[in-house]
1. Let me spell out the model: positive unit charges on the Cβ of Lys and Arg, negative unit charges on the Cβ of Asp and Glu, origin at the Cα centre of the range 59-130. What dipole size does that give, in debye rounded to 20?
2. Once the piece of chain linking E161 and K148 is laid out straight, how much longer is it, given 0.36 nm per residue of separation minus the C-alpha distance between them?
3. Would you mind getting the accessible area per residue of the range 104-205, heavy atoms of the protein chains only, 1.4 Å probe, in Å²?
4. Need one word for the range 67-204: rounded, prolate or oblate. Basis is the Cα gyration tensor (sqrt eigenvalues a ≥ b ≥ c); a/c below 1.5 gives rounded, then a/b vs b/c decides.
5. With all protein chains present, how much of the accessible area of the range 53-138 (probe radius 1.4 Å) comes from carbon and sulfur, to the nearest whole percent?
6. Give me the dipole magnitude in Debye, nearest 20, for the range 32-179 about the Cα centre, with unit charges on the beta carbon: positive for Lys and Arg, negative for Asp and Glu.
Amino acid sequence: MSKRHTVKYKIDRRVGENIWGRPKSPFNRRETKPGMHGARRQGKLSDFGIQLMAKQKLKGYYGNITEKQFAKIYEEADRRKGNTAENLIGLLESRLDAIVYRAKFVPTVFAARQFVNHGHVMVNGVRTNIPSYRCQPGDVIEIREKSKNMALVLEALQLPERDIPDYVEVDPKKMTATFVRIPEFAEVPYAGTMEPNLVVEFYAS
C-alpha cells in the first residue's frame with residue numbers, strides 16, 4: 001500500500017472546490033489555494049491546465065490515488081468497449097474502498113482505504129484487505145464481526161451529510177452492503193463537479 005503524504009483537505013483548496021461536501025473542509029472558510037502565495041490572483045488556465053485540474057480533482061476524490069494507479073485505471077477504461085469516461089467512473093466506483101465509503105461504513109474515502117487495509121472488511125465472506133480490489137455486481141461487502149462496534153463505523157452510519165446511492169444496497173443492522181450494479185456517471189453522488197470527459201482528453205492528448 002503506497003502512502004499519501006498530502007493533507008487531504010488541501011486538495012479542496014488546490015482544486016478550488018469542496019469536492020467531498022464535508023463541513024470540515026477549509027475551503028468553506030478560505031477559498032484561496034494552499035501555500036504562502038495561495039491568495040495571489042490566479043491566471044486563466046490553458047486547455048491543458050483545465051484537463052489537468054479535472055484529473056487531479058477526480059484522482060483526489062478517490063483518496064488521492066497515485067498517478068501510476070490512476071493511469072492504469074484509465075488504460076483499462078480505454079480498452080473496454082463503450083464510452084471511456086463512463087468506463088472510468090464505473091471502474092473507480094467498483095473499488096472496494098469506494099463502496100465501503102458509499103455504504104457509509106466510514107466517514108471519508110481516506111478512512112475507507114485504511115479500514116479495508118487493516119482487515120475490517122469481507123467480500124462474499126472472505127477477508128479482503130486490498131482497497132483497490134475490484135468488486136463485481138452482486139458482491140456482498142460486510143464488516144467483520146469484531147469490527148462492527150467500532151466508534152468510527154457507528155458514527156459514520158449516522159452522518160446526515162451524504163446519501164447512499166441506489167447502486168449500493170445497505171443493511172445497517174447487519175452492516176452489509178451489496179454492490180448492485182456498476183453505475184453510470186450521472187448516478188454517482190459527487191458533492192462537487194467532476195468532468196471525466198476532460199480526464200479522457202488529458203490522457204488522450
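The values are calculated or read from the model by the stated rules, or taken from the named source; none is laboratory data. Keep in mind it's a predicted model, so treat the numbers as computed, not measured. Methodologically, a virtual Cβ is constructed for each residue, glycine included, from the backbone with ideal geometry; neighbour enumeration extends over all protein chains shown. Each accessible area value is taken on the protein alone, full model and side chains, heavy atoms only, with ligands, DNA and RNA left out. Shrake-Rupley method; radii C 1.70, N 1.55, O 1.52, S 1.80 Å.
1. Details: 11 positive and 7 negative charges, 29 e Å.
The dipole of the range 59-130 has a size of about 140 debye.
2. Values: separation 13, 0.36 × 13 = 4.68 nm, distance 2.13 nm.
Taking 0.36 nm per residue and subtracting the Cα distance, the gain is 2.6 nm.
3. Working: 5450 Å² over 102 residues.
Here the residues of the range 104-205 average 53 Å² of exposed surface.
4. On the way: a/c = 1.97, a/b = 1.72, b/c = 1.15.
Prolate, because a/c is 1.5 or more and a/b exceeds b/c.
5. Values: 1530 of 3270 Å².
On the range 53-138, the fraction of accessible area on carbon and sulfur atoms equals 47 percent.
6. Values: 24 positive and 17 negative charges, 113 e Å.
Charge dipole of the range 32-179: 540 debye, to the nearest 20.
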